[in-house]
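Notes for the one structure printed next.
Derivation of every value follows stated rules applied to the coordinates shown; laboratory data play no part. Just so it is clear, the structure is predicted and the values come from calculations on it, not from any experiment. Every residue, glycine as well, gets a Cβ built from its backbone with ideal geometry; the counts of neighbours run over all protein chains shown.
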Amino acid sequence: MISALEALERLKEGNRRFVSGVLSLETLMKQMRRSEVLEGQEPFAVILGCSDSRVPVEIVFDQGLGDLFVIRIAGNIVAPSQVGSIEFASQRYGARLVVVLGHTRCGAVRATLEELQQPSSQQSRNLSSIVGRIRPSIEGLLATELSHDQEALMRQAVRANVRVSANYLRHGSEVLERLIAREGLLVVGAEYSLETGVVDFFDGLPGVR
C-alpha cells in the first residue's frame with residue numbers, strides 16, 4: 001500500500017508524461033500483461049471522473065492495468081452508488097487517494113447552467129437527476145457578477161461542482177470519514193484541461209485551502 005501523497009505524486013508524474021507525449025514504457029508493458037492482474041488488483045488511487053469521451057482517465061494519467069479504480073459518470077456527481085464504490089475500493093484494496101476529476105467545458109455542468117437560466121419541460125427524469133445533483137453546487141454563482149460572463153461562469157461552475165463532490169465524500173460517508181481520520185485517506189479535487197491536457201489539483205491538498 002502506498003500513501004496518499006505518494007499516489008498523488010505518481011498521478012502528477014503520469015500526467016506530465018501524457019502532456020509531454022513521452023509515455024512510460026512500464027505502462028505500455030502493463031497493457032500486455034493481463035495475466036498479472038488476473039488473480040487480483042491493487043489500485044493505488046480511486047478516480048471519480050466524468051464520462052466525457054475526451055477524458056480517458058488511465059490515458060490522462062499514463063497508468064496501466066490494475067493501477068486505478070475508476071468510476072465515471074456524467075458531471076462527476078456523487079450519488080450513493082458512487083460513494084459505495086469508493087468505500088469498496090478504499091476498504092478492499094487499500095487505496096488511500098481519492099480524486100474527484102472534473103474537466104473544462106463539461107457538458108453536464110453546461111446543461112445544468114442552461115436549465116437554471118432557461119428551464120425546460122422536455123428534460124427526461126433521468127437527465128434531471130444528474131442536473132439536480134449539480135444544481136446546488138453552482139446555483140449561487142448566478143447571483144454574482146459571473147452571470148454576465150458565460151465563459152467565466154462555466155469555468156467557475158466546473159470547479160465549484162468538483163469542490164462540492166469532494167467535500168461530500170469527506171463528510172458524507174462514515175466509512176470514508178473514518179479512513180481519513182485514522183488511515184490517511186485523502187480526498188482531493190482536480191480539473192483536467194481539454195485545451196492543454198494538464199490536470200490541476202486545486203482542492204483538498206494538505207496545507208492548501
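Which of ILE47, ILE180 has the fewest other C-beta atoms within 10 Å, and how do the rest follow up to the most?
Ascending Cβ contact count within 10 Å gives the list ILE180, ILE47.
Which residue, GLY14, GLY49, GLY75, tops the fluctuation ranking in a GNM of the chain built on C-alpha contacts under 10 Å?
GLY14
First check a/c for the range 1-126, with a ≥ b ≥ c the square roots of the eigenvalues of its C-alpha gyration tensor; if it is under 1.5, answer rounded, and if not, answer prolate when a/b is larger than b/c or oblate otherwise.
Prolate.
For the chain, set up a Gaussian network in which alpha carbons nearer than 10 Å are linked by springs, and say which option among ALA108, ALA181, ALA79 fluctuates the most.
ALA181
For ARG155 and VAL198, calculate 0.36 nm times their separation in residues minus their Cα-Cα distance, and state this gained length in nm to one decimal.
Gain in length upon complete extension: 14.0 nm.
So if each residue of separation counts as 0.36 nm, and I subtract the Cα-Cα distance between ARG92 and LEU5, what length gain in nm does that give?
Extra length from ARG92 to LEU5 when fully extended: 29.4 nm.
Please say if the range 65-209 is rounded, prolate or oblate, where rounded means a/c under 1.5 for a ≥ b ≥ c the square roots of the C-alpha gyration tensor eigenvalues, and otherwise the choice is prolate for a/b larger than b/c and oblate otherwise?
Verdict is prolate for the range 65-209.
Do any GluC sites (Glu not before Pro) in the range 134-209 lie in a DSSP loop with no more than 11 other beta carbon atoms within 10 Å, and if so, which?
For GluC sites (Glu not before Pro) across the range 134-209 that sit outside H, G, I, E and B with at most 11 neighbouring Cβ atoms in 10 Å, the list reads GLU195.
Sticking with the crude label model, points 7 Å out along Cα→Cβ, report the distance from ASN126 to ARG105 in nm, one decimal please.
In this crude label model, ASN126 to ARG105 measures out at 2.6 nm.
Relative contact order of the range 1-147, please, whole-number percent, based on alpha carbon pairs below 8 angstrom and at least 6 residues apart.
It comes to 26 percent, rounded to a whole number.
Taking the Cα centre of each part, how many Å lie between the range 133-209 and the range 115-130?
With the range 133-209 and the range 115-130 each reduced to a Cα centre, they are spaced 22 Å.
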